[in-house]
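Each value in this text was obtained by applying a stated rule to the coordinates, not by laboratory testing. Everything numeric here is computed off the predicted structure, so don't read it as measured data. Because the Cβ atoms are built from the backbone with ideal geometry, glycine has one as well, and the counts that use them run over all protein chains shown.
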Amino acid sequence: AQTVTQSQPEMSVQEAETVTLSCTYDTSENNYYLFWYKQPPSRQMILVIRQEAYKQQNATENRFSVNFQKAAKSFSLKISDSQLGDTAMYFCAFMIPLGLGNTPLVFGKGTRLSVIA
Amino acid sequence: EAQVTQNPRYLITVTGKKLTVTCSQNMNHEYMSWYRQDPGLGLRQIYYSMNVEVTDKGDVPEGYKVSRKEKRNFPLILESPSPNQTSLYFCASSLGVGQGSVQPQHFGDGTRLSIL
């Protein structure tokens with residue numbers, strides 16, 4: 001079974017600084033997808049960034065980037081120039097594509113990030 | 001506007017009283033799914049559906065039922081709710097997979113259920 005571990009239950013960062021959230025996963029599969037979701041106080045689940053395991057280049061979306069280390073099974077999220085609106089719970093998630101069907105997203109337990117003015 | 005709509009957003013009810021949480025998506029997505037979110041546990045999948053009339057159990061299906069009679073709707077049914085089903089529930093949908101690619105899931109805004 002696949003597992004996702006987020007070892008930092010809570011983190012804080014000063015506004016405009018950079019913060020890195022950790023995520024490790026366990027799988028024997030070679031082809032899979034990794035995601036970071038953000039859940040602000042409004043409870044919405046918002047996709048932040050995704051990474052395909054077969055791509056060596058790390059994904060980037062504006063201030064958000066990942067450090068994907070396939071051999072180490074690590075998928076950390078870096079948030080640059082942190083803003084107050086980045087305050088949220090962040091979930092790392094994992095999925096294996098099987099044939100023509102999606103398989104369930106497996107989520108980590110989340111990291112609560114607070115951005116401090 | 002593309003969206004996943006869940007109803008109700010909040011519900012307080014009592015043990016044993018059957019309830020249904022509706023989920024509807026307007027994006028013609030094949031794949032739909034239900035998750036529950038509990039403090040310290042993250043999100044866990046309850047049931048999912050690859051397409052109409054095709055459903056399967058996720059990690060925590062006990063006490064829940066689903067149906068997929070139409071592509072756009074995927075209701076979650078609690079036949080006899082119990083207090084341990086008090087949770088925040090999310091419905092999600094995505095396109096089916098083509099050529100092995102994975103489409104990200106779109107989530108509804110969540111339904112907070114309290115079972116007394």
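What would the Debye formula give as log10 I(q)/I(0) at q = 0.13, 0.18 Å⁻¹ for the alpha-carbon point model of chain A, no solvent?
-0.47, -0.88
According to the Cα gyration tensor, what semi-axes, each the square root of 5 times an eigenvalue, does the equivalent ellipsoid of region A:2-45 have, listed from largest to smallest in whole Å?
In descending order the semi-axes read 25, 14, 10 Å.
Using C-alpha positions alone, give me the convex hull volume of chain B per residue in cubic angstrom. Intermediate values should be presented prior to the final figure.
On the way: hull volume 11.7 nm³, N = 116.
Once divided by residue count, the hull of chain B is 101 Å³.
What distance in nm separates the two pseudo spin-label positions at B:Gln3 and A:Leu47, each 7 Å out from Cα along the beta-carbon direction?
1.9
When the distances between all Cα atoms of the protein assembly as shown are binned every 5 Å from zero, what whole-number percent does each bin get?
Per 5 Å bin, starting at zero, the Cα-Cα P(r) for the protein assembly as shown comes out as 1, 7, 14, 18, 19, 16, 13, 8, 4, 1, 0 percent.
Are there any GluC sites (Glu not before Pro) in region A:1-66 that are in a DSSP loop and have at most 14 other Cβ atoms within 10 Å? List them by number. If you can, show how the numbers build up before the last one.
On the way: sites: A:Glu10, A:Glu15, A:Glu17, A:Glu29, A:Glu52, A:Glu61; in loops: A:Glu15, A:Glu17, A:Glu29.
When the GluC sites (Glu not before Pro) of region A:1-66 are filtered for loop state and at most 14 Cβ neighbours within 10 Å, A:Glu15, A:Glu17, A:Glu29 remain.
Loop only by DSSP, 13 or fewer other Cβ within 10 Å of the Cβ. Give me the GluC sites (Glu not before Pro) in region B:18-77 that pass, ordered by residue number.
Those that pass, being in a loop and sparsely packed, are B:Glu53, B:Glu62, B:Glu70.
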